[in-house]
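Single-structure report; data block below.
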Amino acid sequence: MSQDLLEKALATVEDWPVDNVSAAVVGADGAVTTHGDRSRVYRLASVTKPIVALAALLAVEEEAISLDDPAGPEGSTVRHLLAHASGLDFADRDKVRTAPGERRIYSSAGFEVLADHIAEATGIAFPEYLDEAVCQPLGMASTVLEGSAGHGASGSLADLVAFARELVAPRLLAAATFEEAVSEQFRGLDGLVPGYGMHKPCEWGLGFELRGAKHPHWTGQHNSPATFGHFGQSGTLLWVQPEIDTALVVLTDRDFGDWAKPLWPEFSDRVVDAATARASQTDALRG
């Protein structure tokens, strides 16, 4: 019954005003429910950032870099870059808008600086490092970083399902590293979520946006404050709700805009409700 609810929830994407859409729900037990083409390759836009963040965290665990390494503007570190707290401008890596740690300024340029730092430390071009550290171990065969480390990757639903599985039940990262990645960094900073305005505070982890109490937001009202993930301007989104060990991935070929603002939260609420029902049913059977 609960599986039927998930399938019905996913099927509602067919009503979206997009030419192509692929969606999946991933559970802790490895169960995956999908709708649409699993192999079609989409531009990921800023959903690139969590994938790059995972590579950076693996580089930290390998001791190739440290979260406290100086990187970016004076006083900034790898941690600042991952948490959008370096003070760098959104797109101009040579423009510093505030001192590090003063404000949450969403910055794709910061991820480009981060990628360069990793490449310099490892002696491996960052797209190659990303492939070797993340894509190959997770079986993300179609995922390629062809441009900015902040928004330049493309990949398929099958690949993002593999990535979401790692976020629901980490295997590559140590538990302590992952816990830090999805915990608020530089607590209390105000900042903008692109398309959704100013939030006070604007919680962010290490490469992952934290839902917190943000409103309006691209996730649903039924998503918990602990929900983490990212969305992309290419019409893509990925979130994980830890309490129900569930992830949602949606890839489309229409750029984010006003069309998405009511649909994404409504869709997320349907998925949360269906996944919660599935978890309750599973618990009852085990009991």
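What to note about this one:
- Restricting Ala226, Ala213 to those that are within 14 Å of the chain's Cα centre (by Cα), surrounded by fewer than 20 Cβ atoms within 10 Å (Cβ to Cβ), over 20 Å from Leu88 (Cβ atoms) and not β-branched (Val, Ile, Thr) reduces the list to Ala226.
- Scanning the range 82-104 for residues that are touching a Phe, Trp or Tyr at 6+ places or on another chain (Cβ under 7 Å) and open to solvent by less than 10 Å² (accessible area, probe 1.4 Å) returns Ala83, His84, Ala85, Arg104.
- Only a single criterion out of (1) outside any helix (DSSP H, G or I); (2) in contact with a strand residue (DSSP E or B) (Cβ under 9 Å, 6 or more places away or on another chain) is not satisfied by Ser148, namely (2).
The rows are residues; the columns are (1) crowded, with 24+ Cβ neighbours inside 10 Å; (2) not in a loop (DSSP other than H, G, I, E, B).
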position: Gly110; (1), (2): yes, yes
position: Leu114; (1), (2): yes, yes
position: Ala121; (1), (2): no, yes
position: Ile124; (1), (2): no, no
position: Ala162; (1), (2): no, yes
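- Screening Ser156 with (1) within 19 Å of Val41 (Cα to Cα); (2) buried (at least 23 other Cβ atoms within 10 Å of the Cβ) gives one miss only, at (2).
- Residue tally, condition assigned to a strand (DSSP E or B) and of a type outside the set (D, E, K, R), over the range 193-239: 15
- Of all the residues in the range 167-180, those that are in a helix (DSSP H, G or I) and touching a Pro at 6+ places or on another chain (Cβ under 9 Å) number 4.
- Subset of the range 18-35 (residues that are of a type in the set (Ser, Thr, Tyr) and open to solvent by 20 Å² or more (accessible area, probe 1.4 Å)): Thr34
- Cβ separations smaller than 8 Å between residues 6+ apart or across chains give the following pairs from the range 163-191 residues that are more than 15 Å from Leu206 (Cβ to Cβ) and at pLDDT 95 or above to residues that are aliphatic (A, V, I, L, M) and loosely packed, with under 13 Cβ neighbours inside 10 Å: Asp190/Met198; Gly191/Met198.
- Residue within the range 133-140 that is farther than 21 Å from Ile65 by Cβ and not in a loop (DSSP other than H, G, I, E, B) present: no
- On inspection, Gly155 qualifies as of a type in the set (Gly, Ala, Ser) and touching a residue at least 24 places away in the same chain (Cβ under 8 Å).
- Conditions (1) in contact with a helix residue (DSSP H, G or I) (Cβ under 6 Å, 6 or more places away or on another chain); (2) on the phi > 0 side of the Ramachandran plot: number failed by Gly30: (1)
- Pairing each residue of the range 111-132 that is without any contact (Cβ under 8 Å) to a residue 40 or more places away in the chain with any residue that is of a type in the set (Gly, Ala, Ser) and open to solvent by 40 Å² or more (accessible area, probe 1.4 Å), provided the two are 6+ apart or on different chains, yields C-beta distances under 8 Å for Ala119/Ala125.
- Checking Asp190 against (1) charged (D, E, K, R); (2) open to solvent by 50 Å² or more (accessible area, probe 1.4 Å); (3) within 20 Å of Ala59 (Cα to Cα), the condition it does not meet: (3)
Every residue, every condition in (1) open to solvent by 10 Å² or more (accessible area, probe 1.4 Å); (2) in contact with a Gly (Cβ under 6 Å, 6 or more places away or on another chain); (3) within 12 Å of Val13 (Cα to Cα), yes or no:
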residue	(1), (2), (3)
Ser234	no, no, no
Glu243	yes, no, no
Val250	no, no, yes
Phe256	yes, yes, no
Ala260	no, no, yes
Leu263	yes, no, yes
Glu266	yes, no, yes
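The values are calculated or read from the model by the stated rules, or taken from the named source; none is laboratory data. Computed from a predicted model, the values in this text were never measured in an experiment. Neighbour counts are summed over all protein chains in view; Cβ atoms, including those assigned to glycine, are modelled from backbone coordinates with ideal geometry. Just so you know, the surface numbers come from the protein's heavy atoms only, side chains and all, with ligands and any DNA or RNA stripped out. Shrake-Rupley method; radii C 1.70, N 1.55, O 1.52, S 1.80 Å.
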